[in-house]
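The values are calculated or read from the model by the stated rules, or taken from the named source; none is laboratory data. From a predicted model like this one, the values you see are computed outputs, not experimental measurements. Cβ placement follows ideal geometry from the backbone for every residue including glycine, while neighbour counts extend to all protein chains displayed. Ligands, DNA and RNA are stripped out before the accessible areas are found, and what is left, the full protein with its side chains, is counted by its heavy atoms. Shrake-Rupley method; radii C 1.70, N 1.55, O 1.52, S 1.80 Å.
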Amino acid sequence: MNRQYKRLMKKQEEQKKNAPRPVVKPPGSPTKKERTKPRVFAKEVAEELRRVAWPTRPEVVAYSLVVLVSVIIIGLMIYVMDTVFTKAVLALFGVHT
């Protein structure tokens with residue numbers, strides 16, 4: 001370590017010692033927070049919903065078909081894998097059905 005680095009480290013340590021300690025509130029301590037009134041909340045929700053980019057009907061239909069086809073394909077894959085593994089395990093243990 002050179003002298004310059006040692007001086008820098010010493011200076012940083014002194015700054016840490018002289019720095020004021022942060023105030024930490026204990027967990028669960030009550031904080032004064034103003035509640036939003038129901039009317040204001042409803043108004044803000046309505047404003048936010050106006051900004052939402054809603055999908056068109058054809059988009060909803062297309063997305064729904066994609067999900068439906070995906071669920072059917074994955075369901076069939078699980079069924080086939082379950083059947084194959086069941087037969088393999090039964091054959092492995094010599095159980096004939």
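Details
- With Cα atoms, 0 to 90° folded angle of helix 57-93 axis to the chain main axis: 70 degrees
- Annotation for region 1-85: trypsin sites (Lys or Arg not before Pro) lying in DSSP loop with at most 10 further Cβ atoms inside 10 Å of their Cβ are Lys32, Lys33, Arg35.
- A full extension of the chain between Ala42 and Arg7 corresponds to an added length of 6.7 nm, given 0.36 nm per residue minus the alpha carbon distance.
- Cα-projected label distance for Leu90 with Ser70, points at 7 Å along beta-carbon direction, nm: 3.4 nm
- Its Cα gyration tensor gives the chain an equivalent ellipsoid; the semi-axes, largest first and in whole Å, are 59, 39, 19.
- Ordering Val23, Met9, Ala42 by Cα displacement along the dipole of the chain toward the positive end leaves Met9 in first place; charges were set at the Cβ atoms of Lys, Arg (+1) and Asp, Glu (-1).
- For the chain, size of Cβ-based charge dipole, Lys and Arg +1, Asp and Glu -1, in debye: 1380 debye
- Sparsely packed GluC sites (Glu not before Pro) within region 18-62, loop by DSSP, other Cβ within 10 Å at most 15: Glu34
- Accessible area per residue, Å², the chain with all protein chains present, probe 1.4 Å: 108 Å²
- Here region 29-77 yields Rg over Rh of 1.37, to two decimals, using C-alpha coordinates and the Kirkwood radius.
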